[in-house]
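Please treat every number below as a calculation from the coordinates, not as lab data. Not measured: the values here are computed from a predicted model. Here the Cβ is made from the backbone with ideal geometry for all residues, glycine too, and neighbour counts use every protein chain on show.
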Amino acid sequence: MLSSPAGGKSRVLIVDDSSFMRMAIRGILAKEPTLEVVGTAADGVEGVEKAMALKPDLITMDVEMPRMDGISALKQIMVKAPTKVLMVSTLTNEGAKATFEALDAGAIDYIPKNVTDSSEAQNIFRDELLKKVREATRSRFMRAPASAAIRVAAAPAAGPARVSKIHSKKITHVGIGASTGGPVALQEVISRIPMNFPYGIVVAIHMPKAFTGPYADRLNAKCSITVKEAVDGEPVRSGTILIAPGGMHTQVVRGAGGLVVKTAPTASYPQYVYIPSVDLLLASMADATAGSMLGVVLTGMGNDGFKGMQQLKQKGGVTIVQDEATSTIYGMPKACVDGGVADEILPLGQIGYEIGKFMG
């Protein structure tokens, strides 16, 4: 594990083929007293060279660049000079696909790049950049890509079957929440859930609108169980994982034929800072199922999910949270642990396996 330097400033390298973006990112980060921009690079080749020479604590990496693209550069950096990397991604389907490939290759997180001239868009980018950089400096960093490291380290141990108090309870649905580190973590979890799993699963993961559809498609191609982006009014069915759409909030409510998805604009729920809100999803599912569900909170910054898990526990539901050792950011799971609403605290590679045990 590598972490940001104790005391001192975190040293940042900016890699982007746009001189405007290099200047914009440098200008934003220069105003942050805990950060120091130690260099810039105009393409992936230069980025790899400077990563090796400057040994920064953090790199912001554009995806599309001449000579060598950001993903190729990222893969080389992970071999030659392992460093925390934040991808700077366009808000398009292609940008989303490249971002998820980068996360699989070892990037810590991504920053959506909204390339418009509006001051509102620029302010959103500035706030998002600073938030993500701060998160990245606090995050855990594994030298190997996270998914590979976790698969080796956290497979269920051989020997007697693990006994857990949670499996004595009856569930009918599963709700999962995640944020920073979540795209890779969720893939790890659901890849271990059997395709004949009999309960509907709904997921809220903090992502922009353009990313959740491609992310669901990517998971669907990689996992045995069906995964799709949820749409308003859609039934929550067994054998299907629904990903809450980005840019809005998602609830699960009881309809005439069972549970259905209900989406709402963010303006309808201004009290929820994170979008889509894990708290809102889990609390609504707790109500709709009368507590007969499993709530799962994975890696992420902040405490989104705690209030939803609290409501679920009050209704008699069961809960699992990811442990600190395998969390990129332990904020969301820690809030649940500290608040006393975590029935089980498990390493990432164990969680999907434990979810699958509810089939009995």
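Here are some notes:
- Considering only Gly257, Gly305, Gly70, the Gaussian network model of the chain with Cα springs below 10 Å gives its largest mean-square fluctuation to Gly257.
- Rounded if a/c under 1.5, otherwise prolate or oblate - the range 168-359, Cα gyration tensor axes: rounded
- Relative contact order, percent, the chain [alpha-carbon distance under 8 Å, six or more residues apart]: 14
- Under the simplified labelling scheme, the Ala256-Arg237 pair shows an inter-label distance of 1.9 nm, with each label point 7 Å from Cα along Cα→Cβ.
- The range 10-141 shape via C-alpha gyration tensor axes, a/c threshold 1.5: rounded
- Modelled label reach - Thr34, point 7 Å along Cα→Cβ, the range 112-137 residues with backbone N closer than 13 Å: 130-137
- Prolate/oblate/rounded label for the range 291-360 (Cα gyration tensor, a/c 1.5): oblate
- 3J(HN,Hα) from dihedral phi, the range 30-46, Karplus parametrisation 6.51/-1.76/1.60, rounded to Hz, x for glycine, proline: 5, 7, 8, x, 8, 10, 9, 7, 9, x, 9, 9, 9, 7, x, 4, 5
- Only aspartates and glutamates eight or more places from Lys357 in sequence, or on another chain, were considered; those with a Cα closer than 20 Å are Glu188, Asp323, Asp343, Glu344.
- Pairs from the list Lys9/Lys97; Lys97/Lys209; Lys75/Lys132; Lys97/Lys132 with a Cα-Cα gap above 25 Å: Lys9/Lys97.
- Where both bridge residues fall in the chain, DSSP classifies roughly 15% of the beta bridges as antiparallel.
- Long-range HN-HN contacts of Val227 with modeled amide H, under 5 Å: Asn220, Ile241
- For Ser19 and Glu64, the difference between the fully extended length at 0.36 nm per residue and the C-alpha to C-alpha distance is 14.8 nm.
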